[in-house]
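Input: one structure, supplied below.
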Amino acid sequence: MRVMALKLMERCLIQRYPPVEPVSPAGLLNTRNVGQLSRLPFLCTPVIGCIQRQGFRKLLQGCGRRGLTATIIRERFFVTSRSGRLHSDSGLPQFHLSRLHQPTTEDKPAFQEQLRSCSSSEEVFTLLHSVETMSATMAAAALHRVADLEQEGTTLKDPSVLEKDTIRALCFQLEQDSQQLTDDGLVSALLACTRIFLDRRSTVMERLVSETKGRLDRRQMSVGQLCILGDVMLAVEGPHCIMLEQVMEQIQIQKPAQWSPEDLIGVYKFMQSGSIQIGKYQKLLNAMNSHFLKVAPHMNPAAVSGMFSALVAFNHTNVMPLVVSLCEQAARHVPHFTDEELTAVLLALMHFDHSNHSFVEALENYVPKMTFSSHPETVTTVIHFFGHMSILSPSVVDAIAESFVYRADCYSTSQVTKHIMALGKLGYLPPNANKVFRKVEHILYTRFSQFQPHMLLNLFHSCILVERFPLNFVDKVFSVFFLLKVHDPNIKLNWHARAQLTQLWMAFTLECPFYEGPMLHSKNRVKSLLASGHSLETPMDLHLFNSVQSALVHLLGSPSYFDFNVLTPNCYTLDVEIKLNQKGYVLPTHNTEDVTHRLALCIDGKNRFTTNKRQLLGKEATKQRHLRLLGYELIQVPYYELEKLKSKTSMVDYLHQKIFPLRQKIRLQ
């Protein structure tokens, strides 16, 4: 009788669910058949479906709610889970997530610490098996850790991890206990499910979303929970989800003055999504900004770092007052930031192009103590910050250069390049420069093929800015193979790359006459190194030029005796050019004959120097070095000398002494 009953049940199931693909005994998709199903929009399992986040909603609509394959898989799991035999029959572990089975106060932090130490999903599963009771937030934290370890872009490194018994049992228990979960546990579990890319149509996701919607309708969620829910629905349903508007409405009716720093950070991050119309909630935003300025002095290091990251993501035009206030607080917390927090702060300040003296001073005191112990990415970000902001701090750069010699072998090619780019930007050589560049040469010998074309070009170009010439490798940059990559639009090495190649070629032509390798063909060169954007020259300060121009007209008697913004045949642009003949007479600018001396006035504004010292940036020092080698007589007119001149007469006398120091009277032709 029992056999007959089983056959009858099997016949009914076959009639209801006609077979489309073979199902393994465990009811899970065989990973060896994935290649045969590559044309399907996603792959599903009885418990969950591994999908890609991008275009999720569109694929869902395209497949239809009752797609055959999805229906079979979804309802097979539905029947199995409803039967109540999932754990007893399959021997899967049992988890207690209801409020009646709460771990002790001491268990939670210990569990979190153990979870952070897990370096693989298998270690997470082993840890879960060792825990007798856990809260919903602990279960969600375990899924988040699996996501941290397995996420790779918009997919999982190993999708089969979702077939593990532990994941299946945990998802089953989340589904069964959804009504008993705390609000924090519910939204965190839902977020974790999206991070491991569970199918939106799986029973666990539908149950959690349904329960969340009910609590949202009852208006019982906090600001932090609403923000997490908004992120989840944006990932699952897309920017046009109705629940997003409902979430934003409930956030808007609450009082920002009562929010914690974590709530503020969460709302800023949530509002940066493209689905939120900032102008519609300007009143809320103004209240948030006002409250932030009040609580900023009381923020701890984690909150300061988190707020910086939120503002970068928010990317709104009215955040600079918040950035200024945060920078002041960050200065106090520099010694207490973790590596990740300090990296986030520095990246945000570079994003907003902001810093202050207190923050730089705090870094100068802290960085020499951390260069040998901090994460390579943090050390790299520090020196990149000083280079990006044009801040020359010998104590910081020297300390990082010293650690570079010992740690560079464990740096990535990108990190090595950023170290040298900072030196080139600042035009500064540390005391151990010979050791630094010997280490760079060693890395190039051993890992040359690992450098991307744009990294290699940035590295070599930065070397010439501090008068270091990669003679043993530059022939590879001037090779036809490399130049083809430069012109490849997919690599995005456009005008800036060609300008770097041009200046690199000029450096070897002018400063390394003994170099006999391949050179750069004229068709690959640019005509000018001055352009908008990432220019290899700093444009002239127009305010300074106007004052100099007026004095020059008075000194020479006519504007026809000097020219400005002169493009030379060697790609450099002169601020002001004055021509002299062999007898020392000043020639009109239109005269191209009898010119034996060319004077080049360099009107150097503040933006050509490091921000805290009177040292020319690397690109400006290189330009002036090359112009001298090309035969120009350089006359430097720096801003800090011009600022001392209080009258036009003093300006004329100053220029006379600068340009013609040995002549009492200027002779014109």
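The values are calculated or read from the model by the stated rules, or taken from the named source; none is laboratory data. In this text the structure is predicted, and so the values were computed from the model without any measurement. Note that we place each Cβ from the backbone using ideal geometry, even for glycine, and neighbour counts take in every protein chain shown. Please note that ligands, DNA and RNA were not included when accessible areas were found on the heavy atoms of the full protein model with its side chains. Shrake-Rupley method; radii C 1.70, N 1.55, O 1.52, S 1.80 Å.
How much of the calculated P(r) for segment 436-525 lies past 19 Å, in percent of all Cα pairs?
Distances greater than 19 Å cover 35 percent of the Cα pairs.
Next up: Extension gain Ser449-Tyr515, at 0.36 nm per residue separation less the Cα-Cα distance, in nm?
Value of the extension gain: 21.4 nm.
Follow-up question, since we're still on this one. Cβ under 14 Å from Gly517's Cβ, Gly517 left aside: what net charge do those residues give with Lys, Arg +1 and Asp, Glu -1?
Every neighbour counted, the sum reads -1.
If you project the alpha carbons of segment 317-395 onto the principal axes, what extent comes out on each, in Å, largest first?
38, 24, 20
Could I have the simple spin-label model distance between Leu471 and Ile253, label points 7 Å from Cα toward Cβ, reported in nm to one decimal?
Reported label-point gap for Leu471 and Ile253 is 7.7 nm.
Here's something else I'd like to know. Determine the equivalent ellipsoid of segment 105-231 by diagonalising the alpha-carbon gyration tensor, then write out the semi-axes as square roots of 5 times the eigenvalues, largest first, rounded to whole Å.
23, 17, 14
Could you tell me the ratio Rg/Rh of segment 600-643? Both radii from Cα atoms, Rh via Kirkwood.
Ratio value, two decimals: 0.98.
Hey, another quick one. Taking the full set of protein chains and a 1.4 angstrom probe, give the accessible area of Thr611 in square angstrom, rounded to the nearest 10.
100 Å²
Still on this structure, please answer the following. What translational D, rounded to a whole number of µm²/s, comes out for segment 153-284 from Stokes-Einstein when the hydrodynamic radius is the Kirkwood one over Cα pairs, at 10 °C and 1.306 mPa s?
After rounding, the answer is 101 µm²/s.
What percent do you get for the relative contact order of segment 159-272 when only Cα pairs under 8 Å and 6+ apart count?
Over segment 159-272, the number comes to 24 percent.
For Arg447, Arg438, what's the largest-to-smallest order of accessible area, 1.4 Å probe?
In descending accessible area the options line up as Arg438, Arg447.
Let me ask something else. What is the packing order of peptides 418-426, 537-545, taking the mean over residues of other C-beta atoms within 10 Å and listing the highest first?
Top to bottom by mean Cβ count within 10 Å: 418-426, 537-545.
Counting only other residues whose beta carbon sits under 12 Å from that of Ser650, what net charge do I get with K and R as +1, D and E as -1?
0
Dividing the alpha-carbon radius of gyration of segment 401-468 by 2.2 N^0.38 Å (N being the number of residues), what value is obtained?
With N residues counted in segment 401-468, Rg over 2.2 N^0.38 Å equals 0.98.
Hey, which aspartates and glutamates would be in cross-link range of Lys283, C-alpha to C-alpha under 19 Å, not counting anything within fewer than 8 residues on its own chain?
Glu245, Glu249, Asp263
Could you order Phe469, Phe404, Phe564 by accessible surface area, starting with the largest, using a probe radius of 1.4 Å?
Greatest to least solvent exposure: Phe564, Phe469, Phe404.
Over every pair of different alpha-carbon atoms in segment 544-613, take the mean of 1/r and invert it; report that Kirkwood radius in Å.
Over segment 544-613, the inverse of the mean reciprocal pair distance is 13.3 Å.
Also, I was wondering about something else. Regarding segment 282-321, what are the three Cα extents along the principal axes, ordered largest first, in Å?
Computed over the Cα atoms, the extents are 28, 21, 15 Å.
Students often get this wrong, so check it: of Lys425/Lys623; Lys439/Lys523; Lys579/Lys658; Lys369/Lys606; Lys606/Lys658, which have C-alpha atoms separated by over 23 Å?
Lys439/Lys523; Lys369/Lys606
With every protein chain kept in place and ligands, DNA and RNA left out, what is the accessible area per residue of segment 466-608? Probe 1.4 Å, answer in Å².
Spelled out: the 1.4 Å probe surface of segment 466-608, per residue, equals 50 Å².
Write down the radius of gyration of segment 341-493 and its Dmax, each obtained from C-alpha positions, in Å.
Every Cα atom of segment 341-493 included, Rg and Dmax give 15.7, 49 Å.
Also: Need the full-extension length gain, Lys583 to Leu567, defined as separation in residues times 0.36 nm minus the C-alpha distance. One decimal, nm.
Additional length available on full extension: 3.2 nm.
Would you mind classifying segment 522-669 by shape? Square roots of the alpha carbon gyration tensor eigenvalues, ordered a ≥ b ≥ c; an a/c under 1.5 is rounded, otherwise it is prolate if a/b is larger than b/c and oblate if not.
Taking the square roots of the gyration eigenvalues as a ≥ b ≥ c, segment 522-669 is oblate.
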